[in-house]
Amino acid sequence: MTDPGFGVYVHWPFCAAKCPYCDFNSHVRHQAVDQERFAAAFARELATMRGRTGPRRVTSIFLGGGTPSLMKPETVGAVLDAVAANWTVADDAEVTLEANPSSVEASRFRGYRAAGVNRVSLGVQALNDADLKLLGRLHNVEEALVAIRLARETFPRMSFDLIYARPGQRPDPWAAELEAAIGHAVDHLSLYQLTIEEGTPFHVLHAAGKLVPPGPELAAELYALTQQVTAARGLPAYEISNHARPGAESRHNLTYWRYGEYVGVGPGAHGRFVEGGRRTVTIAEKMPETWLNLVEARGHGVTGGETLTRDEETDEFLLMGLRLTEGIDLARYEELAGRPFSTPRLTTLQDEGLVEQVGNSRLRATPTGMIVLDAVVADLAR
Ligand SMILES: C[S@@+](CC[C@H](N)C(=O)[O-])C[C@H]1O[C@@H](n2cnc3c(N)ncnc32)[C@H](O)[C@@H]1O
Ligand code: SF4
């Protein structure tokens, strides 16, 4: 059984502007953010989490957001030092920082590298200016390409994100854009279909009929095309939206999907780790200033969460694991569930060609099953 690892997620909750499709916990502040105060609060919350997890070997650290490339290198350095002060960080730990092309500077990138970041994930989103504008992004294609080049020069590993199934997007131009993206990529790409999230300006426009994303059939065609083009170019999907050359997968994200443990710190961060023999979920206060005050008053900003029952744990394991091309390990399922994997729907799903068994040890969604994965998981869950 592959060791799913132990990760640390750190959430930086600020952005230069809010993108109209985004419902992540990100906030725009017009006064300077007190980064020293945040760094001290991250260190304090990490120490509290260490008290709960006990000693562990950290296999990955992920600075996500928001826009972590708005953090000063000193802030990033202080956070990474705090992680190392609380747990043993593996020599080959993956340390990723999410960066926006509009906030990339060479000196800052060198500072992150010196602080210990060894992988960058860039939010490129589109490689045509009209769509970058439509998505409300602050950068253009030229700036994205400069950021990609700089990331490649500075860090041993890098990836970038694109959003597709955009309003008005047709298969041929998307295939061409994807080919161009692969030409700029190293060995990892995240390709997300646009989702219209409630509470966002895109949702309002969509409801008013002023923004029309591709319907299910065209979206499925764009998805299939994405799988085909990336596989042909040596970057097959290892998860619904993530593509890599074998061996270049994001270890941190694999920890989530393989249902490993992770600690989450920062505003709105989630964590999931075993405490007292059961998996515990932690959910932190989302509003940055409220989170800061909570951490300063009592050492953590956790305001929600629960201990999962065995059935809840098993369902989460399925939900995460079936996103992966490798699928789930049936022995691990049995260990978590305390019983063999059997559900009346399994045979039907197999007959319908939506899931398949790989040897005796694994179960995975077929390419068709991946398109309707939510429904497949709902059928397999208890
Ligand atoms: C939390 S964002 C962080 C990256 C960085 N802030 C940026 O946007 O450049 C992670 C990724 O989620 C994707 N994303 C965010 N909202 C989305 C949506 N509504 N539909 C599809 N993908 C989305 C984008 O590709 C984005 O790069
Ligand atoms: S930059 Fe990223 S996190 Fe910030 S609002 Fe845009 S998509 Fe969301």
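Please treat every number below as a calculation from the coordinates, not as lab data. Given the structure is predicted, the values throughout are model-derived calculations rather than measurements. So basically every Cβ, Gly included, is an ideal-geometry build from the backbone, and we count neighbours across all protein chains shown.
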Lysines near LYS210 by alpha-carbon distance under 30 Å, same-chain residues fewer than 8 away left out - which ones?
-> LYS18, LYS133
Treating every alpha carbon of region 181-292 as one equal point scatterer without solvent, the Debye formula yields log10 I(q)/I(0) values at q = 0.14, 0.15, 0.17 Å⁻¹ of -0.89, -0.97, -1.05
What is the extension gain from ALA381 to ARG278, computed as 0.36 nm multiplied by their sequence separation minus the C-alpha to C-alpha distance, in nm to one decimal?
-> 35.2 nm
DSSP bridge orientation in the chain - percent antiparallel, rounded to nearest 5 = 40 percent
Work out, step by step, the length gained on full extension between ASP187 and LEU308: first 0.36 nm times the residue separation, then minus their alpha carbon distance; give nm to one decimal.
-> 40.0 nm
Go ahead and set up a Gaussian network model of the chain, Cα springs under 10 Å, then flag whichever of ASP131, ASP81, ASP34 fluctuates most.
-> ASP34
Cβ-Cβ cut-off under 15 Å around ARG57, Lys and Arg +1, Asp and Glu -1: the net charge is -2
Value of Rg to Rh for region 8-109 (Rh from inverse mean 1/r over Cα pairs, i.e. Kirkwood) | 0.98
Sites GLU36 and GLU105, calculated FRET efficiency, Cβ-Cβ separation with R0 22 Å, nearest 0.05 | 0.60
Unpartnered Cys in the chain, judged by a 4.7 Å Cβ-Cβ cut-off, are CYS15
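How much mean residue ellipticity at 222 nm does the chain get from its helices, if each DSSP H run of length 4 or more adds -39500 (n - 2.57) and you divide by all residues, to the nearest 500 deg cm²/dmol?
Taken over the chain, the calculation gives -12500 deg cm²/dmol.
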Under a no-solvent Debye model with one identical scatterer per Cα of the chain, what's log10 I(q)/I(0) at q = 0.06, 0.11, 0.12 Å⁻¹?
-> -0.23, -0.83, -1.00
Rounded to the nearest whole number, the Stokes-Einstein translational diffusion coefficient of region 227-285 at 37 °C and 0.692 mPa s (Kirkwood radius, C-alpha pairs) in µm²/s is 245 µm²/s
So for region 230-327, using the alpha carbon gyration tensor with a ≥ b ≥ c as root eigenvalues (a/c under 1.5 gives rounded; past that, a/b versus b/c decides prolate or oblate), I'd call it oblate
